[in-house]
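Any read-out appearing in this document is the output of simple, stated calculations on the displayed coordinates, not a laboratory observation. All of these numbers come straight from a predicted model, not from anything done at the bench. Please note: Cβ atoms are built from the backbone with ideal geometry, for glycine as well, and neighbour counts cover all protein chains shown.
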Amino acid sequence: MPMKRVLLPILLFTFTSLKAQQFGGNPPSIKWRQVNIPAARIIFPTGLDSSATEVADIIHRMNNAIKPTIGFKQKKINIVLQDQTIISNAYVGLAPFRSEFYLTPEQNSFELGSLPWPDQLAIHEFRHVQQYNNFDVGISHLLRVLFGEGGQALGNDLAVPNWFFEGDAVFNETLVSNQGRGRLPLFLTGYRALWMADKQYSWMKLRNGSYADYIPNHYPLGYMLVAYGRERYGNMFWKNVTHDAAAYKGGFYPFQTAIKKYAGISYKDFRNDALKYFKQQFALDSSLIQENSSNKHFTADREFPAYVNDSTLVYLKSTYDHVPEFVIKTAGKERKLAVQDITIDNYFSYHNGKIVYAAYRPDIRWGYRNYNELVVIDIKTGQEKRITRKTKYFSPSFSDDSKSIVAVQLSPTGKCELHVLNTIDGELIKAIPNKQQLFFTCPKFYKGGKIVSAVRNKKGQMTIATVDAAGKVNYLLPFTYEPIGFLLVDGDAIYFTKTSGKNDRLYVLSVSLNKVFELKNTPKNGSIGFYQPAISTNKLSWVGFTANGYQINEFDRKLLQFVPVDISKDNQLDDLGVSALTTDSSANLLASVERTPLTVKKYSKVHGLFNFHSIIPDINDPNFSIALEGENILNTFQSRLSLNYNRDEEYKRIGYSAIYGALFPYLSAGVDYTLDRKGFYKGNSIYYNETDLHAGFTVPLNLTAGKYITSVSAGSAVYYSQSTFQQAYRNLFADKHYTYVNNSISFNNQTQQAKQQINPRFAQSISINYKTAIAGLNASQFLVSGAFYFPGIGINHSLVISAAHQQKGQNNAIGFSNDFPFSKAYTAQNLDNMNKIGASYHFPIAYPDAGFGNLIYLLRLRGYLYYDYTHATANNFFADGSNFKRNFRSMGAALFFDTKFFNQSSVSFGIRYSYLLDPDYFGGSGRNRIELVLPVSIF
């Protein structure tokens, strides 16, 4: 009983991500295949048989070997391989229980490593599968019984912190391979920078982040805590802790209680010991400290510097209150060149007055299909030109004469090639054959018409190689699991970054001498790592990480010392004192995976079409609902059986709806039965019941491109409605059967939005809805509404102008649902003609970065001032036949709290004060109103 009292408020204030990544994201032309093993079904497009069987073999081997450290419960997972997207990512989710792997590898080998990308995803994501399977216990299991898979997701999210989910998965990828993020210096650089700058942030701040300061995400934090737990308390430690936590043994703080039970110390002492343990691994960082080098808060990321001359640099600058922009710096002064288009990474190249980078563009219809298109900027004229369309290019770089560009081209099949393009129009000059099936990163033009690039082989080892026009490869260094990247060519010399021990270091390869030199006399610049080198006649710069962001370090070349080093061996990456990574029986398990012949079969697109998985309550005022949700594994069919209560009209509704998204357009259908619909006729309320059948289509278009995020959606649906008046009104109105059409179109457009900006600087949101009866009666309703966003006085301020007009038929006893945005604080009514205009001014107030009891953390206080004016009229409104004409004006202010609950769930809520300038004709008394503004969606 006590747990039920605890869980009730938790259920009311917790977000749980239950929605799919992309609905209907693949074109119907894709033919799906499957490979089945006991632990997983791998579903994939035709042509990816090799990747699918490789993933299956790894999962089969890993599942049998590492179960003891998390538990033995097993439920088969469906894993969908997506090959159309350029995003490097994956997820495992409940509601429904499935996983998706996005198969395009990332170019930056220092972030995620250089292992074959399907292997990396398999060893990380399948650990999440094992977590969910074994966290279905106790109260979490009870929630699953009551609410389905979404209930377990809620229970697990509240009991087990997100840092454990990801930290445990990162530990697993590090354990079973000879690489993994736990061995990559860049992965822990954020915490190293905080320690070096002596940033004494609270635990809640480290968990929840900040709008003012740089805080690493929960992945590195989780890895350190998980690794320390395994190292200090043994391999079964986390199995015991998470089982108790997911079962809610120990009451309100189940995870903390379990830590104390199995570690013998408090949760606070445990996490302090863990961070101290890893901090000691980087004790030598203190030698990099530069006095007076740190600012109080995050300043900016400055990345990918390039020299115009010795005194002028071009680079990309990103701050918390500005979107990324290219700047030029001369004599210590920065000048904006251009705002960066929407991108998935910040890589760009500069040469001879021009910038080239790859800009993201989604497919207009299919959400899993997107592109990287090359954009060239002339910094003298400011002219920007997109020179390729519907391409998948990465890491572009100019030739010495700037007439050509080399870029990495990645196809959906996983094929990787180097393409040489014309700078003017993007025309393909040469596709260089890749006979060795290498993966190229950071290519540059090299002398003799060759390309030099960092490359990965099929094992995930890296080296530097030159490639000629015929595809002949010459390896310049031995292969190694130590990541290599950020190449820079200076005549015969090739500068590059390479992992060595606990650090990513800067080297230079003299090709003619066949020798490698390392930068040794590093100045005390207060930064960690050597990335993105740039060189001029007399200067050398690189990017290092600090507690205030990526910063450019610039030095006189004469003062820097490069000494010869021997890198002929493939050195073991540093385990950072975690002996379990080498002593555990599953250490480097990936190397022992055997490729086995597996049966490949067709996967039917209608398999498990309904797949009801969760019962989801939802609060979206004025609608309150509970629904049985269904969604198939390919995410092309969603269905919903729901109960709904509308606070405005006080009606109750039961309904079923479904939408099929594998075609163009979406197709939808449904049925609803509504009790106690309310209308208004000659000054009196009338009540009736309603049955609706509907079918329609929607055309969703994603027009995002350049610097703007844009979407258009148009649709139409036919509704057949049967209205039955309740007994008290049957003598006034006969029951009616009628058919109407509901047509809608919406348009949304916005600029990119920086982290601190409450709203986009510029945005437009317009929707039009027209309902009209086509049989049975005469009735219509037209609504157009819009909101327009403009910059305010401060950089993070926002002015929003809104307007709406609704017109409906005259004297109809049957009314359509009311979606008109009535003036705030008034009791709304659906009248014949309503017009509204409003203005609101939004502004930040403070960034407290403070919390209480690991329950609630306040990231930001923000407010707005508003004024709303609605003018409404209605004919034959009163019993004597006279008309209604009123103004509804309100003004007021709101205070909003942007918070995190339980150190991970984002919830924003507010308190709004309104003063009514006109009487509230349809309800309430008094001019002063105070309202609690709750989240749009709770679950």
Give me the net charge for the shell around Gln82: Cβ to Cβ below 10 angstrom, other residues only, Lys and Arg +1, Asp and Glu -1.
-1
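Say the cut-off is 32 Å between C-alpha atoms; which of Lys385/Lys415; Lys276/Lys900; Lys333/Lys502; Lys199/Lys498; Lys67/Lys435; Lys392/Lys524 go over it?
Lys333/Lys502; Lys67/Lys435; Lys392/Lys524, as the Cα separations exceed 32 Å there.
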Give me the extension gain from His297 to Asn309: residue separation times 0.36 nm, minus the current Cα-Cα distance, reported in nm with one decimal.
1.2 nm
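Compute and list, largest first, the equivalent-ellipsoid semi-axes of the chain from the alpha carbon gyration tensor, each √(5λ) rounded to a whole angstrom.
52, 33, 29
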Relative contact order for the chain, counting Cα pairs under 8 Å that sit 6 or more residues apart, in percent:
10 percent
For the range 39-108, just the Cα set please: Rg and Dmax, both in angstrom.
13.1, 36
Just to be sure I understand: if I project the alpha-carbon convex hull of the range 550-616 onto a plane and average over all orientations, what area do I get in nm²?
14.4 nm²
Which is the longest stretch in the chain that no exposed loop site breaks, taking sites as GluC sites (Glu not before Pro) with a DSSP loop state and at most 16 other Cβ atoms within 10 Å?
1-290
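Evaluate Rg over Rh across the range 135-289, taking Cα atoms for both radii and Kirkwood's formula for Rh.
Over the Cα atoms of the range 135-289, Rg/Rh equals 1.00.
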Relative contact order in percent for the range 135-289 (Cα pairs under 8 Å, 6+ apart) equals 28 percent
Using alpha carbons only, how many degrees (0 to 90, rounded to 10) separate the axis of helix 49-66 from the longest principal axis of the chain?
90 degrees
Name the lysines eligible as straight-distance cross-link partners of Lys605: C-alpha to C-alpha under 25 Å, and not fewer than 8 places from it in the same chain.
Lys19, Lys31, Lys75, Lys76
Please list 753-761, 788-796, 919-927, 126-134 highest first by mean number of surrounding beta-carbon atoms within 10 Å per residue.
126-134, 753-761, 788-796, 919-927
Put +1 on the Cβ of each Lys and Arg and -1 on the Cβ of each Asp and Glu in the range 30-108; which of Asn108, Thr53, Asn78 then has its Cα farthest toward the positive end of the dipole?
Asn78
With no solvent term and unit scatterers on the alpha-carbon positions of the range 663-782, Debye gives log₁₀ I(q)/I(0) at q = 0.14, 0.16 Å⁻¹ of -0.76, -0.87
Over the range 30-108, what is the mean sequence separation of C-alpha contacts under 8 Å (at least six apart), divided by residue count, expressed as relative contact order in percent?
26 percent
Shape descriptors of the range 794-939 over alpha-carbon atoms, Rg and Dmax in angstrom, are 18.9, 62
For the range 349-412, which trypsin sites (Lys or Arg not before Pro) are in a loop by DSSP, counting at most 16 other Cβ atoms within 10 Å?
Arg365, Lys380, Arg389, Lys390, Lys403
Which aspartates and glutamates have a Cα lying under 17 Å from the Cα of Lys403, excluding residues fewer than 8 positions away in the same chain?
Asp378, Glu384, Asp425, Glu427
Bin width 5 Å, origin at 0, all Cα-Cα pairs of the range 731-771: what percent of pairs per bin?
5, 15, 14, 11, 11, 9, 9, 7, 5, 6, 5, 2, 0
Listed with the fewest Cβ neighbours within 10 Å leading, Trp203, Trp542 appear as Trp203, Trp542
Computed Rg/Rh of the range 614-933, alpha carbon atoms with Kirkwood Rh
0.98
Let me know the charge dipole size of the range 135-289 about its Cα centre in debye, to the nearest 20, where only the beta-carbon of Lys, Arg (+1) and Asp, Glu (-1) is charged.
340 debye
Can you return the aspartates and glutamates within cross-link range of Lys260? Criterion is Cα-Cα under 14 Å, with same-chain partners fewer than 8 residues away left out.
Asp244, Asp269, Asp273
